[in-house]
C-alpha cells in the first residue's frame, strides 16, 4: 500500500477497502474434459466517511481475494461501522471478465468459460468460480489466452528453476513470468485429470494459462477447472480459504491444519551437507556432535545428507578427468549404506545401526534423518545392479516442459537429459520405498529428507502424464513413511511444482526455497526474501522449511534472525569446531529446543507488492505470532543481490541505508492472542537496540538499517490487570524470538496484585509494567530485577 495511504489510515479509524484476487492453478482429478476455476466473490463496502478515491482492491491470479488494510483484530470496535456489502460472481460480458462490475481482463477469447464452484466446495459468504477453456485440436499441452490484464501491481510466485520458486513484482501483464503458480494483484475498485496448469504474461499484457499433461499420448481439447479465482478482505485469510476450497473440491491434498506435524520442528538440528558434502562419514559426524555439545548447544536432530548411499557412476571413471555434470548421473545399486559407514570400528561401531545406537545414547539425539532422492538417487536406480532388479528400473530420458526451459536451465537436468534416469517401475515404487524405509527404520533412522522430487514431472511420458506419475510416487512415499517412521517424519525438497504441492496429503514439511549457499555472497538476501514470499502459498499446505545455514558465516545473524521468526525448523550445517555459540544461543535453549512461532513467517501487508531485493527503497518485513504476542522482523535485502531472470544494474550491488515503519498493525491476527483485557496499546521491544516503546495499536515507530542488517521487534499487547496496573510480557529478551518463551499469563489473586507468567527456558526475562513490582520470584525464590521508570521495562 502506498505510504500516503498508510499515513491516512493510521491517523483515523477509517478502513480502506482493499480487495485481493488470487488465482490458483490446480492439478485436478476431474474428467479430461473438465477444468475448474474457483472464485471468491469480491465485496464492495460503502462507508460514507471514506472518500471513494481511497478505495483499493488486491487481485491475484490464482484466487481473487479482497482484504482490508488496517487491523486484523476481529474484535476491534471501530469495525462496527455500518457497511453495505455487494457480492457478485465473476462473469464474462462483452468480451471482458467482470468482477464486482469492474473489468479485470479485456479481450477475453470466446473459448474461455466461467464455472461456479459446486455447492460442496462453496461458501455463501465468499463465492468462488473456476476459469476454463476449450480447443478444437487435441494436445498434451495447451496455452490459452485469458485476455489483456489491466495495469495493476502484482506479486507472483514462479518457478525460475525446475525445482524452486521465487517471487516477482510488477505492474504489467508482460512482466508475469512463465511458470507462474500463484499471482496476487492489487487493482483499483474492484485440473483436468492428468493435467496441471500455470500462468504467464505476454508482451501484449495478456494473461495466459497453460495446461500440460507431460505425455504426448494424454491429450484433451477442453478444460474447465484449471484456474481458481477467489476474493476476500484479508490477504492471509484469502489464501488460506482458497487452499481450503481446493482441498475440499479436489480431494488430492490436505491443508496443513489437518496434517500431523513432525516433532523434529521444535528441536535444534545439524545437517551434514555444507559441513562435509558427499564426504560425510562416521568420524566426521561424531566430531561434529561433540563440538556442539562442548559449546552448550546440543542438536536433537541430525540429518545425514547425500553421501551415505551405495551408488555407482558409469560415466565418471576413477582417475579420469572430472566431467562436469556427471556427478548427477550416479545411480543407486543398494538400499544399504556405503563402505564409509561399515566396518570402520568408530567406538566399536561396525555398521549404521551400531553407530546410530551409539550417538543417540551418548549425545542425546532424538531424531536422525537420512537423505534420498524421490527416485532413489539423482540418476535413479542402476538397471545392472542385481539388488535393484526387483524394482524393474528402466533408463528414461527426461523431457522438460517449455515452461522449464523458458526460464533458467539447470545443470542437474542437463546431465539427466544426457545420461538418463534409472526410473523405478511405477508398479514397484511401493515395494522400493517399503524396503528402503523398513531397512532404515530397523537401523535406527527416524525419518527421511526426500529430494529431487520435481524430476518426476519430466518422466510422465508413457505413464499417463506428469500429474498421474507424481501422485503415484507421492502416495507410495507417504504410505511408506506412515508405516515405517513415527510422527510423519519426512522433509520434502525440490518440490515446488503444482503437481507435488496439490498431491501432498500427509507430508507436512517441505523446503521453501533454493539452498543456502555459503560460497555465493549474492544469494543471501534472495534466500530470505524467497522463503518469506513462498511461504504465502506453501505455508497453507506444509510447514515451510527455510533450510540450514552456518552459524559462523558472515551472514549468520541475517539468516538466524529469519529462522527465529519463520515458524520453521532451525538447523545449521556447521563444520566441526566452526561455530558461533553466542549466535546459536539466541536460537537454541540449553535443552536443545527452540522457540518456534505459530505460523509460517510471511511478508507484512505493506510488503506484498514491493520488491525488497531490487527496488532500492523497500525493506522486507516478516510477521508471525506466538502464544501471547507478535513478532516482526525487518531485513535490508537491498544492494546485495539480484533476482534471476530480472534485469538490473550492477550499481545495485552497493550497501544502502534504508528506513521503514513498524506497527502492531503489521501483525495480523494479533487480536487472537491479546485477550479480552487488551488496552489496545502494545509494548514493542527491539532485540538489537534493547529499546522498549509503548505505542497505541495504530501507531508506528521508525527503523533504519544497512544492507544485510536486520532487527526483530517483539510486539506484546498490554493487558489491563487492574486500574493501577497494565502489563505485557516480552519473554526471554536474549533470544531472537523472545515472545516464543511465554507459555501463559494469569493473575492468581482476586485483587490483581500479582501477575504470574509461565516461561519456557532460562535467561533474562523482560516485561512492560506500568508500575514497579514490589518483588519478583522464579520458582518461588525471590530474584533481583531492574525497572526503568521512563519506559516501564522490567528485567529479571
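With the simple spin-label model, which puts each label point 7 Å out from Cα in the Cβ direction, the residue 172 to residue 135 separation comes to 2.7 nm.
Could you sort the peptides 740-747, 709-716 by per-residue average Cβ neighbour count (10 Å cutoff), highest mean leading?
Values: 740-747: 18.8, 709-716: 25.2.
Ranked by mean Cβ neighbours within 10 Å, highest first: 709-716, 740-747.
Kirkwood radius and radius of gyration were both taken over the C-alpha atoms of segment 258-511, and their ratio Rg/Rh is 0.96. For the pair segment 400-424 and segment 662-680, the centres of their Cα atoms are 48 angstrom apart. Considering only C-alpha atoms, what is the centroid distance from segment 601-615 to segment 130-205, in Å? For segment 601-615 versus segment 130-205, the Cα centre distance is 20 Å. Dividing the mean sequence gap of close Cα pairs (under 8 Å, 6+ apart) by how many residues segment 411-522 holds gives a relative contact order of 27 percent. What is the chain by shape, rounded, prolate or oblate, if you read a ≥ b ≥ c off the alpha carbon gyration tensor as root eigenvalues and call it rounded for a/c under 1.5, prolate for a/b larger than b/c, and oblate otherwise? It is oblate, given that a/c is not under 1.5 and a/b is not larger than b/c. In this simple spin-label approximation, residue 91 and residue 348 carry label points 7 Å from Cα along the Cα→Cβ vector, and these lie 8.1 nm apart. With each label modelled as a point 7 angstrom along the Cα→C-beta vector, the residue 322-residue 689 pair spans 4.7 nm.
Compare the peptides 309-322, 281-294, 673-686 by average per-residue count of other Cβ atoms within 10 angstrom and give them in order, highest first.
Working: 309-322: 13.1, 281-294: 18.2, 673-686: 19.8.
For the peptides 309-322, 281-294, 673-686, the packing ranking is 673-686, 281-294, 309-322.
Length gained on full extension, residue 278 to residue 753: 165.0 nm, using 0.36 nm per residue less the C-alpha separation.
Which order do the peptides 229-236, 197-204 come out in when sorted by mean C-beta neighbours inside 10 angstrom, highest first? Can you show the working numbers first?
On the way: 229-236: 28.8, 197-204: 20.2.
Packing order, densest peptide first, comes out as 229-236, 197-204.
Under the definition of Cα pairs under 8 Å and six or more residues apart, what whole-number percent is the relative contact order of segment 595-733? Intermediate results must be reported in sequence, preceding the final value.
Numbers: 297 pairs, mean separation 34.5, N = 139.
Answer for segment 595-733 is 25 percent.
At 0.36 nm per residue, and after removing the present C-alpha to C-alpha distance, how many nm does the segment from residue 257 to residue 425 gain when stretched out fully? Mind showing how you got there, number by number?
Details: separation 168, 0.36 × 168 = 60.48 nm, distance 3.34 nm.
Extending this stretch completely gives an extra 57.1 nm.
When only C-alpha pairs under 8 Å and at least 6 residues apart count, what is the relative contact order of segment 333-491, in percent? After rounding, I find 27 percent.
Beta bridges per DSSP, both residues in segment 258-511: antiparallel share near 35 percent.
Relative to the present Cα-Cα distance, how much length would full extension add between residue 442 and residue 785 at 0.36 nm per residue of separation?
Working: separation 343, 0.36 × 343 = 123.48 nm, distance 5.17 nm.
Taking residue 442 through residue 785 to full extension adds about 118.3 nm, to one decimal.
Comparing Cα centroids, segment 540-584 and segment 704-729 end up 24 angstrom apart.
The numbers here are math on the coordinates, done by the rules we state, and not lab data. Here the structure is a predicted model, which means the values were calculated and not measured. Cβ atoms come from the backbone with ideal geometry, glycine included; neighbour counts cover every protein chain shown.
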